[in-house]
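Here the structure is laid out as structure tokens; the discussion comes afterwards.
The values are calculated or read from the model by the stated rules, or taken from the named source; none is laboratory data. A quick note: this is a predicted structure, and the numbers were derived from the prediction, not measured. As a convention, Cβ positions derive from the backbone with ideal geometry for all residues, glycine included, and neighbour counts pool all protein chains shown. We work out accessible area using only protein heavy atoms, side chains counted, and drop any ligands, DNA or RNA first. Shrake-Rupley method; radii C 1.70, N 1.55, O 1.52, S 1.80 Å.
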Amino acid sequence: MSRRRIAKLRDTLAEKGLDAFVVSSLNNIRYLTGFSGSHAVCVIRPDDAIFVTDPRYRMQSKMEVRGWRRMVALKDLFEFIGQRKLLAGAHRIGFESRFLTYAQYRILRRHTTGTSFVPTTDIVESISLIKETEEVELIRSAVSISDQVFHELLAIIRPGVTELDIAAEISYRQRRKGAEKDAFEPIVASGEHGALPHARASTRHIRNGEMLTLDFGCTVRGYNSDITRTLAIGKTRFRKLYNLVRHAQQDAIDSAKGGMWAKDLDAVARVRFKKMGVGKYFNHSLGHGLGLQLHERPKISALSSERLSPGSVITIEPGLYIPGEGGVRIEDDVLLTANGCEVLSTSPKDLITL
Ligand code: GLY
Ligand code: MN
């Protein structure tokens, strides 16, 4: 697995004229090496691939890391790279500009002369854009856990429980089913909180007549799920709004396929909203790539300039948010194919009233 990824990375580095590359994003290190710990740096060169971690991870990295020469540093990992001259002789050294800190850069700089450091973005991310079968299977496992938990929540949610009660149940139940962690803090937003796309769960008690938005996900061997469902607690005046989001989301699913422009998919989801004069209430992008990172490429937004690739997993999550009143969002995780997409999440989407 990692050999294929390393070979692709070396091809990219050669195209960019880089004769060394420092990987400091832990997600990217995990993708390239299999290492799941919290502290490591990699240096890749045409004829060497070195993984550096600290003594806490000596055993773990021995078990996990494949295809890399492992080293264990008793000091700062970047000082170690410098002192061991792991970058010696390189003329153009690429680094991940979004992940290498300025302090780390200064350490590397101090240990090299006559070298240019080249800021890069998305080198490993471009390789991981198209998921391998085993990656899709891990996302499926994570999605399946979240789907099962959603189903269980239906028996727990009733007027009087707090948003935090529900958030705690989500976290606990996902873990009981084998998730290593939440993919992010569960969003549980009732009543007017639903108007905030990223509301935090609070001590607010849910009440009859309100909508309740649940947005949560979990992580299985590094890979994430991310689903959203909105429920009615008793009789609701938001049914029309709900159905509008439900249909807009389906429009996007029906059009999604590899090869299309991301911004065109974003636009599809907005057609109904504009027609009904509520376009301004959908105030975020349609979705995002999903994998080792919760939010990764491709971004599905009006500002995106990339095409969707078959083999990418993305979220499709339109919503409408009425300030001071409430909101509705529905989110699925889908695998793009050459002809369409496969929806991985299976939680029901017709309005559920509890
Ligand atoms: N589900 C959280 C997000 O996509 O931002
Ligand atoms: Mn999402």
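The calculated Kirkwood hydrodynamic radius for the range 203-354 is 15.8 Å, given to one decimal from all distinct C-alpha pairs.
Loop-located GluC sites (Glu not before Pro) in the range 300-354 (DSSP state other than H, G, I, E, B) with a sparse environment of at most 16 neighbouring Cβ atoms within 10 Å: E306, E325. Taking every DSSP bridge with both residues inside the chain, close to 75 percent are antiparallel. The portion of the accessible surface of the chain made up by carbon and sulfur, rounded to a whole percent, is 52 (1.4 Å probe; DNA, RNA and ligands excluded). Size estimate for the chain follows the Kirkwood approach: the inverse of mean 1/r over distinct Cα pairs works out to 21.9 Å.
Over the range 277-354, the hull volume per residue, using the convex hull of the C-alpha atoms, is 146 Å³. For the chain, the solvent-accessible area of protein heavy atoms averages 45 Å² per residue (probe radius 1.4 Å; ligands and nucleic acids excluded). Put simply, when 103-114, 71-82 are sorted by average Cβ atoms within 10 angstrom per residue, most first, you get 71-82, 103-114. Counted over the range 133-275 with a bin width of 10 Å, the fraction of Cα pairs per bin, in whole percents, is 11, 34, 35, 18, 1.
Dimensions of the range 1-146 along the principal axes, based on C-alpha atoms and rounded to the nearest Å, stand at 51, 35, 27, largest first. Here is the list for the range 201-259: trypsin sites (Lys or Arg not before Pro) lying in DSSP coil, each with at most 13 other C-beta atoms within 10 angstrom of its C-beta, are R207, K235, R237.
The angle between the Cα long axis of helix 2-15 and the main principal axis of the chain comes to about 70°, on a 0 to 90 degree scale.
Measure nothing but the geometry: give the 0 to 90° angle between the long axis through the Cα atoms of 163-176 and the longest principal axis through the Cα atoms of the chain, rounded to 10°. For 163-176 against the chain, the angle is about 50 degrees. Between D19 and H91, R92, G94, the built amide H atoms are under 5 Å apart, and every one of these is 5 or more places off in sequence or on another chain. In the chain, helical runs assigned H by DSSP with n ≥ 4 each contribute -39500 (n - 2.57); averaged across all residues and rounded to the nearest 500, the mean residue ellipticity at 222 nm is -10000 deg cm²/dmol. Here the 3J(HN,Hα) profile of the range 336-349, calculated from phi with Karplus coefficients 6.51, -1.76 and 1.60 at θ = phi - 60°, is 7, 10, 5, 10, x, 7, 10, 7, 7, 8, 10, 4, x, 10 Hz, Gly and Pro shown as x.
Normalised by 2.2 N^0.38 Å, where N is the number of residues, the C-alpha radius of gyration of the range 134-203 stands at 1.17.
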